[in-house]
Structures are given as structure tokens and as C-alpha cells.
Amino acid sequence: MAEILTADDVRAYYRRGLSGWIKAVDGVSLTLAEGEILGIAGESGCGKSTLAMALASAARWPLCVQGGRLVVEGQAVPMQSETGRSGAHRGEVVSLMPQGAMNSLNPTQRVRDFVFDVLRSHEPHVTRRQAVQRAQERLVKLDLPVRVLDAYPHQLSGGMKQRVVAVISTLLDPRVLIADEPTSALDVSAQRALLALLAQLLDQGIIGGIVLVTHELPILRNVAHRTMIMYAGQVCETGPTGDVIFAPAHPYTKALMDATLVLESATKRQRIEGLEGGPPDLSQPPSGCRFHPRCPHASPVCAQDLPPSVTPAPGHTAACWWLEQQRPPPPAAAEEVAEP
Amino acid sequence: MSANGSSPLLRCTDLTRVFGQGPRALRAVDAVNLTLQRGEIASIVGESGSGKSTLARMVLRLLQPTSGKVFFDGKDVTRLRGFRRRRAYWTHVQAVFQDPFGSFNQFFPVRYVLRSALRLEGATLSRSEREQRMAAALESVGLDPGSVLGQLPHELSGGQRQRVMIARALMVSPELLVADEPTTMIDASSRANILNVLLDLNRDKRLTILFITHDISLATYVSDTLFIMQGGKLVESGAVERVTAKPEHRYTRRLFADTFSLHGEPWHRASGGGA
């Protein structure tokens, strides 16, 4: 399947003081295929929102993109948002739904006036009527009530606001939608409705692919085709969602899975254990594997060198020394042992 | 308040709170009856706007009910006149709130937060007694008093901060702890630790806990009893085993159906789309 977004070795650091950097995203590579939902999970402070901003070309001082390449549909796209540049590709090629997006509606404007403002900033000659009409058509296409255009944000429920923002942010038919924690402030029914809307946007070909950032593994299990687990600014595991969740290779993914509350009648009082400690200080990240101070399988080598990439299954990779040591010896060596 | 073993610890009868008046009045909590036994963990589950936090605030006596009564340990506490009486009530009932960042004064260390909780009791304790109580409270939530007491809020992680808030609530040895969405702002990886701290307190100290949450998977993990609220009304209540196995109300069934589970067919495979 064709790849619509490729990011290679993205390094996005926050400036701190005169010479310090907080390495929030440090050497992350990912690909997104046409029609795919890629989930990114990890605890707070692992750099997933920073990555989302870089991918959406919305990196702003003090966040500086120090390296890496972003290619969307064969076109190189700058990740740093510089003052003075029009930012035309934003919202047209890659669109970002930031965290708490539902609060980005203007409380003093009706939704339709907000839509007009958004469209006008990209297409200076659009008339108010055209803008509203386009929004109406899109709402009808997605089975949402058209009357929301006449409402003020406070008249809409949280779930509806979030859906309206999703519709507005895809009004310009971007190829890729980056949704950063789109469900975090919503209750379960509204979460379901929002994710159904995102799936619909994808099915109808309005957008080409979605990068979904969340820390809720059950949500990813239901909607994401592939899942990437981040820890301390780096990718620790990537693979098909089913494999990552049910056959996690990396010790961090395992710990994350063990700490997940699952709704099953049998789970009551089956004690689950969370992960001790907190994420490391990213201005001085741990050497070697960044997870080693909290890892139950850490050995001296973990603190020294960057972990190797291990492939437990096709399309499923994890970066871990322990896995490398656990791996069965190559077939030739195995035969030698078996012969005598 | 006398310790009466047989009576329920908390009982609300026809508890109602109306916001506003006239035709636009909103019945945020509408004639809710609930009973909490000593040593029980119960959860009030409902979507945003279902009135669950309003109910919690009335139980905590932070909000005056429009009508109905709250009984704590067999005593009517609906009208507690004067700050002193309410302060006495709060030595029995304590709360942990959603935002562990908001409930800290960022200029004071943990020691100050815990010490000010002792003021509720009104008694003057010696320095060593105070230190001992603070250390005990921190140890019971799994924190090391030696390192945490002198730290400022920004030096703690979100999970640690929420544990300090639990320790603060424990300073006065309450009988009932109201936990209003205690883990929504905590990471998935440390959420389980916070819940386990509360479960251990319930087991070891027979602390009665009332959870307020919108997350039914969390509620089924921790509780003995579930109270399901919708639009200000209590639509279903019962033992967690019964409610999860055989939900009676339509809304409860919808809550279970809408919750994302790890098992079952993912959407994209069901719809046939995608990679």
C-alpha cells in the first residue's frame, strides 16, 4: 500500500535557558499508509504530543525541529512553523487536531462565522455563503445535524463540539489528520461517536490517513491498524495493533498493558500493577536504552549502548537489549546443537 | 459521632439539588437515595452532566441540598450550622479531587500541605507527634517521607502528587473518603498504583470509599457496589457482580456497550476497510 506520510529521524527539542535542550522527540521514524490509522501511545511526557506538532508542521519556538525529514505524498514538508511563512500547507496537507481541540472554537462566534474565518485564511476570495455551504454539505455527508452551524459553542455538548472541530479541521480535505488525544475529555458514548466520525472521514476518502495520539490502549485496539509505543522521546515498539497489545515484545509495552484497566466481568479485584517511578528528565535522558532505570530486565549493557532493533514478527519491531539476548540462536547454530 | 456498628455509614434520602429557578431550573440531582455500608467501596458512574459531582459535593457538605437529607453514622448532617460543626464533620469525611495540580499551593512543600490538614482537628500536637502522623500517612500511600516531605509540588510527578493528596486526606483518619475522578489526570501507567493504594487502605483500615467516575471499567475494578446516574437520577444500583452480569437499565447497558474493550473484533476488521 502506498505511503502517504513518511517521517525520518525526527528530532524536536524544546529550548531551555541559554544552552539547554529538552529532547522531547529524539530520532523518531514512522510511516503512514493510505487509508491507515496509526496509533501512538505512551505516558505523559513521552513526547507524543510534541511529535504530533512536528508532523503537523506546527512546531513553534521554544520547540525547535533539529533534524529529520517529513515527506507527505512525495513532497518534502517543513516541520518548523516559522513566523512570516503563510503556513498554507497547514490544514490543507496535514491538519492537526490539538489536545483539548473543542476549546478552540471561539466562544463569541457562531460556528458558521468561525468556519468562514478558517476558510478565508486559506482562500482569501471565498464568500461567506460559499464557506457556510461547504460546511453544510460536509455535515450532511457525515450525518451530523446542520443546525450546529447556527449555534454558539456553549450551546453544544462537549462531544458535539469535538466532532464539529474534527469536521472543520478536515474541511480543506487534508491528506493526513493528526488527532492528539481527541477523546480525552469525553465520556464513553461521545468517544465512540467521535471515533466513528474519524473512521467515516477515512472511509469516504475525505482524508487519506490518521495519526491518533492517545494513552488509552483499548481505544487503539478498536480503531488503529498499527500502533507505535513511545517512551522518553523514542519509539520502543511498532507493529500491527493486535500484535503490540496481545503479544507485546518490549518490557515497557508489557508494563503498560499490565496497567490497563479492562472492562470484563472477571477482572474485578484481579489486582493489576502499575509501573513504578516516572518518566526520565529529558534534558539529560538516561544513556543507552532510556527505559533501563525502570526496566525489570535491565542488564549492564542497557545503560551503555542504544538497544538494537528486534523483529518478533513481520512488521513488528521493538528496540530492546533483553529481547536480543532472549532471541533463539540463528537456525545454523541450533542445528549444530541438535546433531550430537 | 458515635461509632455504631450496625447502621450504614452514609445514607442519603431524596437528595435533590436544583440550580437556577423558574422554567430554566436544572435538577442536577433529583431525589437520589443511596446507602453506603461501613468498609464498602462504591462508585457513582455517569456521563458528564449526570449530577455525580454535585451529589459528591452535597455528601461532602460543600453544597447545600435543595431538599432531602444526608445521614452520616446515623446522624442528620444536612444542616450543619457554623464552620466549626462542618470542620468537625470533615474529620470524618475527606475528599480527593480530580486535579492534583490544582489542589496544591505551588510555593509550599508537602510538609506544609499535610500540616495544614491537621488544623481541622483543632488540637495542638507536639512537633514529634505531628511528624509521626505525617510520616505514617505518607507511608500508607507508598511514599518515602524522608524524601517527599521537603519537596515542592513541581518536583513530584502527577501520580506522586495524587498520592500526597490521599495522604493529606488520611491525616485526620477519616471514615469516609470521597474520590472524585481521582485518576482522570493520571497516566494509564500509574493509574493502577493509585487505585491499589486506595484498595489497600480499604482492606487495612476499613476505609469506606465513594468513587465518582465516568469510567465504568475503573468502577468495576474497584467497587463492591455500583450506582449508575443519568440526568440527575439514580437509574440503577446494585452489587458490582450483579450489575456487570445483568444490567437492567437501558442506560447501564449502553454504558457497557460503548466502553472500549481490548477483546472482540476491532472496527476496521469489521468494516473491511483499511490496511
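Some notes on this structure:
- Here B:Ser7 meets each of (1) polar (S, T, N, Q); (2) in contact with a helix residue (DSSP H, G or I) (Cβ under 9 Å, 6 or more places away or on another chain); (3) part of a loop (DSSP other than H, G, I, E, B); (4) touching a residue at least 60 places away in the same chain (Cβ under 8 Å) with one exception, condition (2).
- Meets criteria (within 13 Å of the chain's Cα centre (by Cα) and among the charged types (D, E, K, R)) for B:Asp187: no
- Members of region A:236-264 found to be within 8 Å of chain B (Cβ to nearest Cβ) and among the β-branched types (Val, Ile, Thr), listed by number: A:Thr241, A:Ile245, A:Thr260, A:Val262
Quick grid of which residues meet (1) more than 21 Å from B:Ser116 (Cβ to Cβ); (2) surrounded by fewer than 24 Cβ atoms within 10 Å (Cβ to Cβ); (3) within 13 Å of another protein chain (Cβ to nearest Cβ):
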| site | (1), (2), (3) |
| --- | --- |
| B:Ala167 | no, no, no |
| B:Val178 | no, no, no |
| B:Glu181 | yes, yes, yes |
| B:Ser189 | yes, no, yes |
| B:Val197 | yes, yes, yes |
| B:Asp200 | yes, yes, yes |
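- Residue ranges of helices (runs of 4 or more DSSP H) in region A:220-309 with at least 2 members surrounded by 23 or more Cβ atoms within 10 Å (Cβ to Cβ): A:241-246, A:251-258
- Qualifying residue in region A:175-190 (condition: surrounded by fewer than 22 Cβ atoms within 10 Å (Cβ to Cβ), within 28 Å of B:Glu181 (Cβ to Cβ) and in contact with a Pro (Cβ under 6 Å, 6 or more places away or on another chain)): no
- Of all residues in region A:187-215, those satisfying the criterion of being at the interface with chain B (Cβ under 7 Å from one of its Cβ atoms) and out of contact with any strand residue (DSSP E or B) (no Cβ under 7 Å at 6 or more places or on another chain) are A:Asp187, A:Val188, A:Ser189, A:Arg192, A:Ala199, A:Asp203.
- Enumeration of residues in region B:58-89 that are in a helix (DSSP H, G or I), out of contact with any Phe, Trp or Tyr (no Cβ under 9 Å at 6 or more places or on another chain) and surrounded by fewer than 20 Cβ atoms within 10 Å (Cβ to Cβ): B:Phe83, B:Arg84, B:Arg85, B:Arg86, B:Arg87, B:Ala88
- Restricted to region A:154-166, and to residues there that are buried (at least 21 other Cβ atoms within 10 Å of the Cβ) and out of contact with any strand residue (DSSP E or B) (no Cβ under 8 Å at 6 or more places or on another chain), the residue that is nearest to the other protein chains (Cβ to nearest Cβ) is A:Gly159.
- For B:Ser103: the one exception among (1) surrounded by fewer than 18 Cβ atoms within 10 Å (Cβ to Cβ); (2) more than 19 Å from the chain's Cα centre (by Cα): (2)
- Total residues in region A:60-102 satisfying the condition of being farther than 24 Å from A:Val164 by Cα and either at pLDDT below 85 or part of a loop (DSSP other than H, G, I, E, B) (or both): the figure is 15.
- Some residue of region B:153-161 being away from chain A (no Cβ under 13 Å), over 30 Å from A:Lys254 (Cβ atoms) and assigned to a helix (DSSP H, G or I): yes
- Some residue of region B:235-244 being more than 10 Å from chain A (Cβ to nearest Cβ), β-branched (Val, Ile, Thr) and over 22 Å from A:Ala259 (Cα atoms): yes
- Summed over region B:113-154, the residues that are surrounded by 13 or more Cβ atoms within 10 Å (Cβ to Cβ) and closer than 18 Å to B:Ser173 by Cα give a count of 23.
- Scanning region A:297-315 for residues that are touching a residue at least 12 places away in the same chain (Cβ under 8 Å) and within 14 Å of chain B (Cβ to nearest Cβ) yields a single hit, A:Gly315.
The values are calculated or read from the model by the stated rules, or taken from the named source; none is laboratory data. On a predicted model such as this, the values are computed, not experimentally measured, just so you know. All Cβ positions, glycine included, derive from the backbone under ideal geometry; neighbour counts span all protein chains shown.
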